[in-house]
Amino acid sequence: MAELPAPVSGQRHEFGTPFGRLTYYAAGPEAESHVPPLLLVHSINAAGSAYEIKPLYEHYRQNRTVYALELPGFGHSERGKREYSVRVMTDAILRCVGEIQDVHGRSPIDALAVSLSSEFLARAVTETPLRFRTLALVSPTGFRSRDKTTKWRDGTRGMPGLHAFFECPLWSEAFFRLLTSRAGIRYFLRKTWGSPDIDEGLAEYDYLTTHQPGAQHAPYYFVSGFLFSQDALRIYQSLTLPVWMSHGERGDFVDYSNKTVVEGRANWTIEVFHTGAMPHFEAREAFIRSYDAFLARVEAPA
């Protein structure tokens, strides 16, 4: 089994939590920067890792300190057979923010998350709003037409029977290996991109990270629905800090019908790119220009 290389440059850090050892990467310019730190959080899928935010990490490390967290059960973080829940993922983000503020002081930070992790990051913001300056959501879940039946209480879409089936010792690991074959990974990335022109570096890294010991445990909670919050739309509606949301218009992840509940709000900026669900890979320069313009408006409001 090939050793898993670092997904991004910079220093690797580890810290202990009740839900296992977590890993994050940090890098920044040689000269001191007075720009708030930026935390980047990868998406949740069978092959989640900090490689998914690599284009942004490597760009922003040139002018500010940037951090890339690998969530519990993914990347170089511990992948033990334990419960992976919305609470665990949210707490992992909050603990990483604590690590960042131990270095930089208690000033609020900027944070960006991709896909399902947008729900965890948004929840973390609502619980500790003074720790965040801005929030960026890339292809966030929770805005589909079928998500309109928002629950005004906690809960997930978890299916215990399905999870038990996936984790059956007779086929748990073998089924995951089948799901994450090179052909399988390329199939799912093409659905994400909405195009055969996927990022080859990401495809290769996805294969390596899914073939590490224990790689199946967190993804099985994902596919069984336990990481999808019933109240995600309510969480988004409750955000009061500046929010930048972006998404593409190709592939399997293009249903954002319910973004109308936040569209037009003074604190929300929504950008649509002619890409799939990873616009920061496909339209990196346009993505960064738009995000930078948003940050500039926050720094110098009209």
At 7 Å along Cα-to-Cβ for each site, give me the label-to-label distance between E173 and V261 in nm. 4.2 nm
Which whole-number percent is the relative contact order of the chain (Cα, under 8 Å, 6+ apart)? 20 percent
Where in the chain lies the longest segment free of GluC sites (Glu not before Pro) that are both loop residues by DSSP (not H, G, I, E, B) and have at most 15 other Cβ atoms within 10 Å? 84-248
Label-to-label distance, nm, for residues given as H104 and A31 (7 Å Cα→Cβ offset): 1.9 nm
Relative contact order of region 111-245: what whole-number percent is it, with Cα pairs under 8 angstrom and at least 6 residues apart? 43 percent
Farthest toward positive dipole pole in region 11-299 [+1 Lys/Arg, -1 Asp/Glu at C-beta], among S229, N45, Y187: S229
Go ahead and estimate [θ] at 222 nm for the chain from helices alone: -39,500 (n - 2.57) per DSSP H run with n ≥ 4, summed, over the residue count, rounded to 500. -10500 deg cm²/dmol
Using a 10 Å cut-off around each Cβ, can you sort V114, V223 from fewest to most neighbouring Cβ atoms? V223, V114
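Read-outs throughout are calculated quantities, based only on the coordinates presented, and are distinct from any laboratory measurement. Source: prediction; values computed, not measured. As a convention, Cβ positions derive from the backbone with ideal geometry for all residues, glycine included, and neighbour counts pool all protein chains shown.
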